[in-house]
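Structure record follows, encoded as structure tokens.
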Amino acid sequence: MSLRYLVSRLGQGLIVLWIAFTLSFVLLYWLPGDPVVTMLGAGGELQNIDPAEVDRLRAEFHLDQPLAVQYLYALFGLLRLDFGTSIQTGTPVTEAIAASLPSTIALAALALAIALVAGVVIAVTATLTRRSWLRDTLAALPGLGVALPTFWVGLMLLQVFSFRFPLFPAVGTGTPAAIVLPAVTLAISLSAIIAQVLFRSLQNAWVQPFVTTYTASGYSRLRLLLRQALPVAVLPALTMSGVLFGQALAGSVVVENVFSRQGLGRLAQTAVTSQDIPLVQGIVLFAAAVFVLVNLATDLIYPILDPRLGAANRRSAGTDGANLAEADAQGEGSIPAEADATPGSDATGSGSTESSATGRTDLEGSRA
Amino acid sequence: MSLAFELQKNSHAQAELTAASADEHLDGSGITSTDATPGTPGAAPSNPRVRRGLRIGRLGIVEIIALIVLGLAVLAAFWPSLLTGVDPLTGDPANRLLPPSLEHIFGTDHLGRDLYARTVHGSAQTLSASLAAVLIGVVSGVLVGLISGFFTGVVDAIFMRIIDVLQAVPGLLLSMAVITALGFGTLNVALAVGVAAIPSFARLTRAEVIRWRASEFVRAARADGLSTPSVLARHILPQVRGSIGALVALEFGSAVLSVSALSFLGFGAPPPQPEWGLLVSEGRDFLAAAWWMTTFPGLVVAAVVLAANRLAHVLNSEKEFR
């Protein structure tokens, strides 16, 4: 992992963020509505507002300038990590996001932890068991998990565990117990993604020649799986982490709404409801930045975890390993594109296809 | 021309051959645990000889249920009066919050409206929005993928960076940003969900185009003097169609989820319009008193998504056999 590689990956990440900023600017600032009117809360009627006040605000937000100048102002603001000011509340967007983050991070972290445990247990048990009914049931669970609407799962859990059996509080962020139901709700779709991807890559690892060799030399199945197959299988699954974080963030919009929690998701929802353009843009860019950073981190960790990449790394570096491992496992007859053409079938609509796509993004990046 | 098509057939025969030999390799290893894994790329082509024989009977009970669910959903969307004669908008206050019974199989809501009728009539909004979303996604995505995959270089780089960005933002947040720009309503929700569906179609199409671009039949077609659009339309698009079909079904399922989530959050049609997400949302205040108000509409959403995903799975394995 050379410094040049690191710099080029960082550069690519920055380009993605710059395009994200430009796209969201074009999308959001070509709006028919007038942000200043929204800001003054006049319900779209200008006559109740002091024209001087309108002009002052317009000048303050550079809205009297041509769009290109507004764009440059915003871009330079972005370089100073200044996302502008929330139209609705008047607080800086960066502050609003920072204030809402801790609650969402706690929620997402707990959900990811639960999802990781559940996903690994499901995938490992499904691979190990010799009972076909158990394997089929477990293999079908991820498909079920991604098909259930998150908002509905949350309400069902509330109904059972807050109203029927009052074990957990229904709303709020006050007590530690209040985070359990939201985290479980969020964890269901996340664990489905983890289980799906891990199960698939365990299946692929399980047919590798080394497994046969170990079986022949008397390794127990459990030990073989945990010690040998799992480390190999985890690698391709690692490329999913960007998607997982994204899912956790997007899921928090729904979960925080259902459980009346404060947080980034709630902030996003109110921002959209009140057409608070700078705030929406800030949150979208924040989500993109998280995705880029997580993928970058994955790319950097990957070669460390996968010694096979040591040589390949010097050549082209990146997450080729995911595709390599998958291609290996599928036998030489298949073409890597085939993996993408098989969109996970039972898996998350977006999740699974994105997973393979993510792998390929990095692949392209490293070759470009 | 004819040579090109001949070659096209040939390359399929070859693909099958390689798939078969890959299987032999698996069988030879003495480990057969792969063929019990639905939806795994490694398992999909497993044992074509055996499964080809069962092909007609391959529609198991689960697939038949899935088709029935989707059929009912289509029926509800286009001819709701066939499934219920009750008006979804007028309620009888005397019958408010009735639990499920033979008369009201999904129960009634806080205004005494029949929940089953509301769910049936809600499918028109939710399903047409989801269908429109997938259409937007498939048309723009395939176009981008075809262009991007066929013309490498600057065009490809620009398109793919934009697709990167669309993928870097989680689907729901992306849709919410589009809604911020366009405003609320079912049509805008459809458009917003459609935009979020573009990347997967674009990437899949691009991968397939790149895969077939250098193949003999495409080169032969070009040597015949066919224009680029003709090559794309006649020789490459047919190759892409199979995988696109499966992805359409899959994306339809996730579009139903996104559309109902956005409508649950209040960005869709305003009440009293029945929309699946909105129905669940209306039941929120009655969680303790009337469990049926949230339970049934949500179950319907889950059933349709599961059925669509199942169909995607079938279509996908169908593609492997072609």
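Testing A:Pro149 on (1) touching a residue at least 24 places away in the same chain (Cβ under 8 Å); (2) under 20 Å from the mean Cα position of the chain (by Cα), one condition comes back false. Which one is that?
Tallying (1) touching a residue at least 24 places away in the same chain (Cβ under 8 Å); (2) under 20 Å from the mean Cα position of the chain (by Cα), A:Pro149 fails exactly one: (1).
Collect the residues in segment A:154-175 that are hydroxyl-bearing (Ser, Thr, Tyr) and at pLDDT 80 or above, keeping them in residue-number order.
Taking segment A:154-175 first, the residues hydroxyl-bearing (Ser, Thr, Tyr) are A:162, A:173, A:175.
Selection gives A:Ser162 alone.
Are there helices (runs of 4 or more DSSP H) fully within segment B:110-193 with at least 1 residues that are surrounded by fewer than 24 Cβ atoms within 10 Å (Cβ to Cβ) and of a type in the set (Lys, Arg)? List them.
Counting at least 1 such residues, we get B:154-168.
Would you mind stating whether A:Ala248 is closer than 30 Å to B:Ser281 by Cβ, at the interface with chain B (Cβ under 10 Å from one of its Cβ atoms) and hydrophobic (A, V, I, L, M, F, W, C)? Before you say what the answer is, go through the steps one by one.
Details: closer than 30 Å to B:Ser281 by Cβ: yes; at the interface with chain B (Cβ under 10 Å from one of its Cβ atoms): yes; hydrophobic (A, V, I, L, M, F, W, C): yes.
Yes: the conditions hold for A:Ala248.
Yes/no per residue for (1) over 20 Å from A:Leu267 (Cα atoms); (2) more than 12 Å from every other protein chain (Cβ to nearest Cβ); (3) modelled with pLDDT under 90:
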residue	(1), (2), (3)
B:Val165	yes, no, no
B:Leu191	yes, no, no
B:Phe201	yes, no, no
B:Arg206	yes, no, no
B:Phe217	yes, yes, yes
B:Ala233	yes, yes, yes
B:Ile236	yes, yes, yes
B:Ala249	yes, no, no
B:Ser263	no, no, no
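Could you list, in sequence order, the residues of segment A:122-149 that are crowded, with 23+ Cβ neighbours inside 10 Å and either within 10 Å of chain B (Cβ to nearest Cβ) or farther than 23 Å from A:Val180 by Cα (or both)?
A:Ala123, A:Ala126, A:Thr127, A:Ala139, A:Pro142, A:Gly143, A:Val146, A:Ala147, A:Pro149
Read through the list (1) surrounded by fewer than 24 Cβ atoms within 10 Å (Cβ to Cβ); (2) under 22 Å from B:Phe264 (Cα atoms), then give the number of the only condition that A:Thr175 fails.
Here A:Thr175 clears every test but (2).
Any idea which of A:Thr38, A:Thr94, A:Thr89 is hydroxyl-bearing (Ser, Thr, Tyr), surrounded by 13 or more Cβ atoms within 10 Å (Cβ to Cβ) and modelled with pLDDT of 90 or more? Lay out the reasoning, then the answer.
Working: A:Thr38 fails: modelled with pLDDT of 90 or more; A:Thr89 fails: modelled with pLDDT of 90 or more.
After ruling out the rest, the residue left standing is A:Thr94.
Exactly one of these conditions fails for A:Met240: (1) under 16 Å from the mean Cα position of the chain (by Cα); (2) modelled with pLDDT of 90 or more. Give me its number.
Just one mismatch for A:Met240, condition (2).
Checking B:Pro274 against (1) at pLDDT below 90; (2) surrounded by fewer than 24 Cβ atoms within 10 Å (Cβ to Cβ); (3) within 30 Å of A:Val272 (Cα to Cα), only one condition comes out false. Which one?
Checking B:Pro274 against (1) at pLDDT below 90; (2) surrounded by fewer than 24 Cβ atoms within 10 Å (Cβ to Cβ); (3) within 30 Å of A:Val272 (Cα to Cα), the one that fails is (2).
Identify all residues within segment A:216-266 that are under 20 Å from A:Val290 (Cα atoms) and free of Cβ contacts under 8 Å to residues at least 40 places away in the same chain; write none if there are none.
A:Ala250, A:Val253
Restricting attention to segment B:200-230, report how many residues are β-branched (Val, Ile, Thr) and either surrounded by fewer than 16 Cβ atoms within 10 Å (Cβ to Cβ) or more than 17 Å from B:Val155 (Cα to Cα) (or both).
At the first step, the residues of segment B:200-230 found to be β-branched (Val, Ile, Thr) are B:205, B:209-210, B:218, B:228.
With the extra rule that they be either surrounded by fewer than 16 Cβ atoms within 10 Å (Cβ to Cβ) or more than 17 Å from B:Val155 (Cα to Cα) (or both), the set shrinks to B:218, B:228.
Summing the residues that are β-branched (Val, Ile, Thr) and either surrounded by fewer than 16 Cβ atoms within 10 Å (Cβ to Cβ) or more than 17 Å from B:Val155 (Cα to Cα) (or both) in segment B:200-230 gives 2.
Name the pairs: first residue in segment A:197-215 and more than 7 Å from every other protein chain (Cβ to nearest Cβ), second residue of a type outside the set (Phe, Trp, Tyr) and not in a helix (DSSP H, G or I), Cβ to Cβ under 6 Å, at least 6 apart or on different chains?
Going by the 6 Å Cβ cut-off, the qualifying pairs are A:Val197/A:Met240.
The values are calculated or read from the model by the stated rules, or taken from the named source; none is laboratory data. Values in this document were obtained by computation on a predicted structure and should not be read as measured data. Methodologically, a virtual Cβ is constructed for each residue, glycine included, from the backbone with ideal geometry; neighbour enumeration extends over all protein chains shown.
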